[in-house]
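J.: If you scroll down you'll find the structure; I have some questions about it.
The values are calculated or read from the model by the stated rules, or taken from the named source; none is laboratory data. Being a predicted model, the structure only gives us computed values, none of them experimental. Every residue, glycine as well, gets a Cβ built from its backbone with ideal geometry; the counts of neighbours run over all protein chains shown.
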Amino acid sequence: MDICESPIIRYNFSRFTELSRELARMRPSARIRRAVPTDAAEIADVLRQSFLEFEALYTPKGFAATTPDPEQVGSRMEEGPAWIALVEDRTAGTASAVPKGEKGLYVRGVAVVPSMRGRGIAEVLMNEVESFARQNGCARMFLTTTPFLTSAIRLYERFGFTRVANGGADLFGTPLIKMEKNLDCE
């Protein structure tokens, strides 16, 4: 008997498929919309919740720059677009971008609250940012992240970002990695 014909294998595959469908139903999908100035407090809260577990790895000034207050978020929103991810009408994530240089888009503030991680929200936000970049004729997207945000780095790599040689810097003493994605090559 072929192993694929085994009743045990068929049962396990059937059960796996059933569980996969059940999990998909349990994951509420995120709705992404452009942020407006009145969202600044919600965005600040998402950023703080998202990075709080890493606070000890930042310098105090680096953490403050990563988790701006609502007034600072409002100022950032004047520099470029921001998006929020809503799950069941609750803000679950955010991302923003700033046009930089000729045909460049700096991606910043990508964050998902801990209780909503693993649901594809960051991916949907990154797709939205990339769509904005392409619609606005950007040739490249770039960002900085810290070496201890390993899940974020893996996300960016899945999206085609690569580390920039000699792109490292620091954010008030917190080490940074610079990553970029060339949109002209795709």
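J.: Restricting to the range 92-122, give me the number of residues that are outside any strand (DSSP E or B) and hydroxyl-bearing (Ser, Thr, Tyr).
T.: Number satisfying all stated conditions: 1.
J.: Of all residues in the range 67-96, how many are within 17 Å of Ala122 (Cα to Cα) and touching a residue at least 40 places away in the same chain (Cβ under 8 Å)?
T.: Residues that pass the stated criteria total 13.
J.: Here's another thing I want to ask about it. Just need a number here: residues in the range 109-137 that are of a type outside the set (Asp, Glu) and touching a Phe, Trp or Tyr at 6+ places or on another chain (Cβ under 8 Å).
T.: 4
J.: Does the range 164-178 include one or more residues that are more than 15 Å from the chain's Cα centre (by Cα), among the acidic types (Asp, Glu), over 23 Å from Glu53 (Cβ atoms) and at pLDDT below 95?
T.: Within the range 164-178, none of the residues are more than 15 Å from the chain's Cα centre (by Cα), among the acidic types (Asp, Glu), over 23 Å from Glu53 (Cβ atoms) and at pLDDT below 95.
J.: Which one of these does Met141 not meet: (1) among the aliphatic types (A, V, I, L, M); (2) more than 10 Å from the chain's Cα centre (by Cα); (3) within 17 Å of Ala30 (Cα to Cα)?
T.: Every listed condition holds for Met141 apart from (3).
J.: Filter the range 114-134 for residues that are surrounded by fewer than 21 Cβ atoms within 10 Å (Cβ to Cβ), closer than 13 Å to Leu86 by Cα and hydrophobic (A, V, I, L, M, F, W, C) and give the result.
T.: Across the range 114-134, the qualifying residue is only Val124.
J.: Something else now. Wholly within the range 136-186, which strands (runs of 3 or more DSSP E) include no fewer than the required count, namely at least 2 residues that are surrounded by 17 or more Cβ atoms within 10 Å (Cβ to Cβ) and of a type in the set (Val, Ile, Thr)?
T.: Filter on the range 136-186 gives 140-145, 174-182.
J.: Okay, moving on. Quick check on the range 44-99: of everything there that is closer than 21 Å to Ser29 by Cα and in contact with a Pro (Cβ under 8 Å, 6 or more places away or on another chain), which residue is modelled with the lowest pLDDT?
T.: Glu88
J.: Which numbered condition trips up Ala65, out of (1) in a helix (DSSP H, G or I); (2) touching a Leu at 6+ places or on another chain (Cβ under 8 Å); (3) surrounded by 16 or more Cβ atoms within 10 Å (Cβ to Cβ)?
T.: (3) is the only condition that Ala65 fails.
J.: Determine, yes or no, whether Asp39 is crowded, with 19+ Cβ neighbours inside 10 Å, in a helix (DSSP H, G or I) and not aromatic (Phe, Trp, Tyr).
T.: Yes.
J.: What tally of residues in the range 97-107 results from selecting those that are surrounded by fewer than 21 Cβ atoms within 10 Å (Cβ to Cβ) and free of Cβ contacts under 8 Å to residues at least 40 places away in the same chain?
T.: Going through the range 97-107 one residue at a time, the tally reaches 7.
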